[in-house]
1. Out of Leu3, Leu25, I need the residue that is touching a Lys or Arg at 6+ places or on another chain (Cβ under 7 Å) and either surrounded by 17 or more Cβ atoms within 10 Å (Cβ to Cβ) or of a type in the set (A, V, I, L, M) (or both). Which one?
2. What number of residues in segment 49-90 are part of a loop (DSSP other than H, G, I, E, B), crowded, with 16+ Cβ neighbours inside 10 Å and modelled with pLDDT of 80 or more?
3. Taking the condition assigned to a loop (DSSP other than H, G, I, E, B), modelled with pLDDT of 95 or more and open to solvent by 70 Å² or more (accessible area, probe 1.4 Å), does Arg31 pass?
4. Determine if segment 5-18 includes at least one residue that is charged (D, E, K, R) and in a helix (DSSP H, G or I).
Amino acid sequence: PILDLSPSQKKLLLAARLGAENAELAHRLCRTEAAVKRTWAGIFEKCQQHSPTLLPGTRGALRGLQKRHKVMTYIREHPEELRPYRETKKI
């Protein structure tokens, strides 16, 4: 893994695999929508720091949804970025 994602960032990416919007992600993760947006911003920042080619262009050149699609494509191609975090099912 090259992105050095935090456990909360990994948890968000795992939940986002099915294409949920921020409001739905917030509900699933028991967080506010603002917290989900901050987590996405942290993920984008790590992508810029550790893999500048992942989100090319100058800061702000891509909109949030475009960045999100690029990150999710990368994560699908590199599932090792989400290890060792394991998703647990709520009962």
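1. Of the residues listed, the single one that is touching a Lys or Arg at 6+ places or on another chain (Cβ under 7 Å) and either surrounded by 17 or more Cβ atoms within 10 Å (Cβ to Cβ) or of a type in the set (A, V, I, L, M) (or both) is Leu3.
2. Number satisfying all stated conditions: 2.
3. Yes: the conditions hold for Arg31.
4. Yes, some residue in segment 5-18 is charged (D, E, K, R) and in a helix (DSSP H, G or I).
The values are calculated or read from the model by the stated rules, or taken from the named source; none is laboratory data. These numbers come from a predicted model, not from an experiment. Cβ atoms come from the backbone with ideal geometry, glycine included; neighbour counts cover every protein chain shown. Side chains are part of the model used for accessible areas, which takes the heavy atoms of the whole protein and leaves out ligands, DNA and RNA. Shrake-Rupley method; radii C 1.70, N 1.55, O 1.52, S 1.80 Å.
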